[in-house]
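Here the structure is laid out as structure tokens; the discussion comes afterwards.
The values are calculated or read from the model by the stated rules, or taken from the named source; none is laboratory data. As the structure is a prediction and not an experimental result, all values here were calculated from the model. Virtual Cβ from ideal backbone geometry, glycine too; neighbours counted across all protein chains shown. Quick note on the areas: whole protein, heavy atoms, side chains included, nothing else; ligands and nucleic acids left out. Shrake-Rupley method; radii C 1.70, N 1.55, O 1.52, S 1.80 Å.
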Amino acid sequence: MAVPVFAPWDDPTQKPLIQFKGVTKRFGDFTAIDNQTLDIYTREFFALLGPSGCGKTTMMRMLAGFEQPTEGQILIGGKDMKGVPPNEREVNMMFQSYALFPHLSVWENIAFGLRRMNQSKDVLEARVEEMLRLTRLTKFAKRKPHQISGGQRQRVALARSLARAPKLLLLDEPLGALDKKLREETQFELMDIQEKTGTTFVIVTHDQEEAMTVASRIAVMDEGRVIQVATPSNIYEAPNSVYVADFIGDVNIIEGAAKRAGDGYDITWAEGVAPLHTRKEEGELIAIPDGGKAYLAIRPEKVAIHTEKPQGMTNAVQGRIIDVAYLGNLSTYHVRLANGTMVRAQTANTRRLALRPFTWEDEVWLSWTDTAAILLAE
Amino acid sequence: MRRLSWFNVTSLTLGFAFLYLPMVILVIYSFNASKLVTVWAGFSTKWYGELLQNQAFLDAAWVTLKVGVAASTLATVLGTMAALVLVRAGRFPGRTLFSGMIYAPLVMPEVITGLSLLLLFISLGVDRGVFTIILAHTTFAMCYVSVVVSSRLVTFDQSLEEAALDLGCSPFSAFRLVTLPIIAPAVISGWLLAFTLSLDDLVIASFTAGPSATTLPIKIFSAVRLGVSPEINALCTIMISIVAVGVIGTSLATKRAAQRQKRDEQAAARAAG
Ligand SMILES: Nc1ncnc2c1ncn2[C@@H]1O[C@H](COP(=O)(O)OP(=O)(O)O)[C@@H](O)[C@H]1O
Ligand SMILES: [Mg+2]
């Protein structure tokens, strides 16, 4: 039985929950967000990923209502949000600093938003208890924020922002203050809670692994613009630019001139060696004029390393091992090609150290398949 | 504790003597049984009893109390509002002028403040009395309150207020439910400071008081011109106690707030680290 795939962005009958339509945000003469158009769908776990200062927090603050777009429109549930103040939006935000109220107990912090909803006392108390259970905080209900650990505070902030059952939950670098192990646990907890509550999550992060783990789709941002929006696997396997390929994971970039050849392109990258070949399904191939500048992006784990010239491989290049990084389960070989280009090849360490055939200064061959490399125009 | 050298002990003693000897003498003579201020004739509390019989002093005390409570409350409200604008509004045209104008009365000679208020009241045709003293005291106490409150607001994390808005509060209820309880120690210190200032003000009060309303400092000042009486000593002793309680209360509140903030910051740093 086929499990229905969650992909509302591919379904033209679905209406997006959030629409950015040509949104520009300027602070003085500084453009923080530049003509942004973006759709986010109900029940998505949408990640905004980008380096510090690229405008992620500004996007969130516009959704929450703390900032107004300078130009363009933001729609939530089809309704224009222009002039709607934060307290009248069905949106809640978990702040980067958590912003827990220091004078209130954990219980009162979680109840704070519910008290603004004119519910009966029983309903309110039941909801607070439910949130405490969901975030495993029942034991700490009476404590003040300064009497609990960082991880617990993070969960209070989450419980508080979920308590009002918002349509949309905004999480601004929610796990930034946690150590690595706690962060990984919390990522799965977040996904679990998102699934249980059915809330749409928009999460901001500058940690690409975190985005890959939790998100249904990722928007990679740079200097106020979204460069690519795609599922984690598409972002990784089919980046649309060198920037995205480089931002997500490790990548080798080989620069050259492209020329249409057979079912793909030949890339001339150095003198006196055979061109590299790349192909894709028809329709997925980008158009590059003959002789135009092009980049080949190849992930290190897709590069094989050999002692002899491999037979029957179109893409085989020779070089010398400059460095070996031993990571336990993996080893990365840094190989310098004849024209000085550095290429990394990664292999799983299935054999004991002494049995591995490559070491520093060895002359080796690197190869990859026709479909392993991605051709990029920019 | 490190032992102090004889030099340190001497300078400490001299310094404190210089500051407090006059007051100590005043307090001691308030318990003098003799009517002659300069002749000690044994311990007695009779002057305190007589003070309670003196209707003129009691009336002045009542006026002073009314003025103090009303003016410091008004000054606290207005001063807190001014501090909010100064700290929050970021840059707006005329900001430097505005903040300068709020703090100017701090350094303005009281005589000038008093005189200008007097001229204002005369030109507006306002009868001078309790009401005008309240207004005058509010004016000069307000800037002290705004200094105290804005120094607290500078370190206030504004995302707390945004969180309150995000959770459904109107801007006013966000202030009432989140900002105000957190900055309350500073607001209380501001109030106590304003109250103390109002209590012992002579100059501005004498410009703005009318025949119908006399404050204690004015009363004392005019009584002393006819000669110092032990009754006045008793009255001053009471005022010294009230001011001392106010000042100590203010500094304790400020210190506790600072300690709490430090503790919170340390806890936050531990959580982040
Ligand atoms: N209120 C503001 N006034 C002026 N500049 C701002 C303001 N808020 C953000 N910026 C600027 O906008 C840019 C994007 O900020 P932000 O959205 O916080 O980035 P990110 O969250 O991706 O690190 C930064 O260069 C920042 O300095
Ligand atoms: Mg940010």
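Of the conditions (1) open to solvent by less than 50 Å² (accessible area, probe 1.4 Å); (2) over 25 Å from A:D250 (Cα atoms), A:A215 satisfies every one except a single condition; which number is it?
A:A215 satisfies every listed condition except (2).
In the range B:153-169, which residues are closer than 19 Å to A:A111 by Cβ and more than 7 Å from chain A (Cβ to nearest Cβ)?
B:E161, B:A164 - these are the residues of the range B:153-169 that are closer than 19 Å to A:A111 by Cβ and more than 7 Å from chain A (Cβ to nearest Cβ).
Might you check whether a residue that is within 12 Å of chain B (Cβ to nearest Cβ), over 14 Å from A:L48 (Cα atoms), more than 16 Å from ligand 2 (Cβ to nearest atom) and more than 19 Å from the chain's Cα centre (by Cα) occurs anywhere in the range A:166-178?
Scanning the range A:166-178 turns up at least one residue that is within 12 Å of chain B (Cβ to nearest Cβ), over 14 Å from A:L48 (Cα atoms), more than 16 Å from ligand 2 (Cβ to nearest atom) and more than 19 Å from the chain's Cα centre (by Cα).
If we scan the range A:46-57, do we find a residue that is open to solvent by 90 Å² or more (accessible area, probe 1.4 Å), more than 16 Å from ligand 2 (Cβ to nearest atom), away from chain B (no Cβ under 14 Å) and in a loop (DSSP other than H, G, I, E, B)?
Checked the range A:46-57: no residue is open to solvent by 90 Å² or more (accessible area, probe 1.4 Å), more than 16 Å from ligand 2 (Cβ to nearest atom), away from chain B (no Cβ under 14 Å) and in a loop (DSSP other than H, G, I, E, B).
Across the range A:285-313, what is the total count of residues that are over 16 Å from A:P275 (Cβ atoms) and open to solvent by less than 60 Å² (accessible area, probe 1.4 Å)?
Going through the range A:285-313 one residue at a time, the tally reaches 9.
From the list B:L120, B:L135, which one is within 24 Å of B:W191 (Cβ to Cβ) and either among the charged types (D, E, K, R) or assigned to a helix (DSSP H, G or I) (or both)?
Exactly one of B:L120, B:L135 is within 24 Å of B:W191 (Cβ to Cβ) and either among the charged types (D, E, K, R) or assigned to a helix (DSSP H, G or I) (or both), namely B:L135.
Could you please give the count of residues in the range B:170-199 that are touching a Phe, Trp or Tyr at 6+ places or on another chain (Cβ under 8 Å), away from every other protein chain (no Cβ under 11 Å) and either without any contact (Cβ under 8 Å) to a residue 12 or more places away in the chain or open to solvent by less than 30 Å² (accessible area, probe 1.4 Å) (or both)?
The total comes to 2.
If you check B:T155, B:T139, which single one turns out to be of a type in the set (S, T, N, Q) and within 22 Å of B:S251 (Cα to Cα)?
B:T155
Which ones in the range A:152-211 are within 16 Å of ligand 1 (Cβ to nearest atom), within 20 Å of A:L100 (Cα to Cα) and open to solvent by 10 Å² or more (accessible area, probe 1.4 Å)?
A:E173, A:G176, A:A177
Among what's in the range B:40-69 and is of a type in the set (S, T, N, Q) and assigned to a helix (DSSP H, G or I), pick the residue that is most open to solvent (accessible area, probe 1.4 Å).
Among residues in the range B:40-69 that are of a type in the set (S, T, N, Q) and assigned to a helix (DSSP H, G or I), the one most open to solvent (accessible area, probe 1.4 Å) is B:Q53.
For A:Q96, which of the numbered conditions (1) closer than 27 Å to A:D10 by Cα; (2) in contact with a Pro (Cβ under 9 Å, 6 or more places away or on another chain) fails to hold?
(1)
Can you tell me which residue among A:F6, A:F20 is closer than 24 Å to A:L171 by Cβ and either open to solvent by 60 Å² or more (accessible area, probe 1.4 Å) or within 16 Å of ligand 2 (Cβ to nearest atom) (or both)?
None of the other options fit; the residue is A:F6.
Being touching a strand residue (DSSP E or B) at 6+ places or on another chain (Cβ under 9 Å), facing another protein chain (nearest Cβ under 9 Å), closer than 26 Å to A:D192 by Cβ and not in a helix (DSSP H, G or I) is true for just one of A:M93, A:M117. Which residue is that?
So the residue among A:M93, A:M117 that is touching a strand residue (DSSP E or B) at 6+ places or on another chain (Cβ under 9 Å), facing another protein chain (nearest Cβ under 9 Å), closer than 26 Å to A:D192 by Cβ and not in a helix (DSSP H, G or I) is A:M93.
Any idea how many residues of the range B:128-152 are over 16 Å from B:L78 (Cβ atoms) and either of a type in the set (V, I, T) or within 14 Å of another protein chain (Cβ to nearest Cβ) (or both)?
Count: 4.
Hey, does the range B:253-264 have a residue that's away from every other protein chain (no Cβ under 14 Å), at pLDDT 70 or above and open to solvent by less than 40 Å² (accessible area, probe 1.4 Å)?
Within the range B:253-264, one or more residues are away from every other protein chain (no Cβ under 14 Å), at pLDDT 70 or above and open to solvent by less than 40 Å² (accessible area, probe 1.4 Å).
Could you please let me know if A:S97 is hydroxyl-bearing (S, T, Y), within 11 Å of ligand 1 (Cβ to nearest atom) and either at pLDDT below 95 or open to solvent by less than 10 Å² (accessible area, probe 1.4 Å) (or both)?
no
When you scan the range A:58-90, how many residues do you find that are in contact with a strand residue (DSSP E or B) (Cβ under 9 Å, 6 or more places away or on another chain), of a type outside the set (G, A, S) and facing chain B (nearest Cβ under 8 Å)?
2
Quick one: which helices (runs of 4 or more DSSP H) sit completely within the range B:159-241 and have at least 2 residues that are among the polar types (S, T, N, Q)?
In the range B:159-241, B:180-199, B:203-208 are the helices (runs of 4 or more DSSP H) which contain 2 or more residues that are among the polar types (S, T, N, Q).
Looking at A:D39, A:D29, which is the one that is away from ligand 1 (no atom under 12 Å from the Cβ) and free of Cβ contacts under 8 Å to residues at least 40 places away in the same chain?
Result of the check over A:D39, A:D29: A:D39.
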